[in-house]
1. May I ask you to sort B:THR172, B:THR144, B:THR177 by Cβ crowding, counting other Cβ atoms within 10 Å and putting the fewest first?
2. Give me B:VAL32, A:VAL28 ranked fewest to most by other Cβ atoms within 10 Å of their Cβ, as a rough exposure proxy.
3. Could you tell me which trypsin sites (Lys or Arg not before Pro) in the stretch A:26-93 are loop residues by DSSP with no more than 16 other beta carbons within 10 angstrom of their beta carbon?
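Taken together, the values in this text are just the output of simple stated rules run on the coordinates, not laboratory data. Because the structure is predicted, anything quoted here is derived from the model rather than measured. Backbone-built Cβ (ideal geometry, glycine too); neighbour counts: all protein chains shown.
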Amino acid sequence: MVDPTDYLGPVRPYVLTGGQARPSRNTVRPETLLVANADASLPPSATRQHRSLVQLCRGMLSLAEAAAHLKIPVSVAAVMVSDLVDSGHLAVRTVGADPDTPNQELLERVLHGLRSL
Amino acid sequence: MVSVASDHRRADRDEADRYVSPTVRQSVKILVSGPFGVGKTSLIDSVSEIVPLHTEEQMTQQSLGVDSLTGVERKTSTTVALDFGRITLGDDIVLYLYGTPGQRRFWDHWAGLAEGAIGALVLVDTRRLEESFEVFDQMELSDTPFAVAVNVFPDTPDIPLDQVVAALDLPTDTPMTSCRALDRQSSIQALITLVEHATASSRLTGAHR
């Protein structure tokens, strides 16, 4: 089968995601920190885009940074990241049970950090 | 202009520093909002430890009235850009600064961009205050805590901040400050104003927003 992402010209965004329009999980945000799992190798069927993403994430990066470096929209990267987290090739490194609510303690640490710059 | 200190820092911002420090355990974000040309990217560039990054999303929507597509017989397809930077706080928190166009309809094109944000720093240019009106229309509909910073350009008239608050018809307790977006410490101070406000709001309600 032809891997559509081997074609170097512009492709419609859902081609990169294998037809998925939305991430499989809703917890991936632009600031979510990601790092590749060094022990998991990608199957031969993995697309060039998925390989590039895992390769890029050998160090820790946020979703938005990874998207910017790969020159793909954040929404497309989010779908790919969700798949790669599901398959164990990428790990989410941000801790915190409820990222919806930066709590008082975290806000005070941010404030302290900014004042120390 | 750019100070000597920031030139030194800029020289350090190369490819080797692309990655987030492995000691970081939490990421937080602040939206830097305001109309086109108000200085969002300048402020982000002043503070960021990485060279600011750029991403684009396509939004397809009818008649946004943003781009002139005279002679192009199709629905409007607008590219919305997001410029952002990063700063590590202490050794375990990384703060992202996302420069967002003022209009809320643009924010919605990045899933989760505003969700979980500490707040928004809204930059205004008092030489063309009317361009900020739509930003505040949207901020007032949102739960996101916000502070306002007048970006002072060389020819910005000296208008007292309380007059700016009145002109914008903002609540009198809206945190207001002025800054020079090209200056790192001045920009950091504006961010501190916002985070102090978000922290106070959080303390008041017992929870964030």
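1. B:THR172, B:THR177, B:THR144
2. On the way: B:VAL32 29, A:VAL28 24.
By the 10 Å Cβ count, ascending, the order reads A:VAL28, B:VAL32.
3. Working: sites: A:ARG48, A:ARG51, A:ARG58, A:LYS71, A:ARG93; in loops: A:ARG58, A:LYS71, A:ARG93.
Here the trypsin sites (Lys or Arg not before Pro) that fit, given the DSSP loop and packing criteria, are A:ARG58, A:LYS71.
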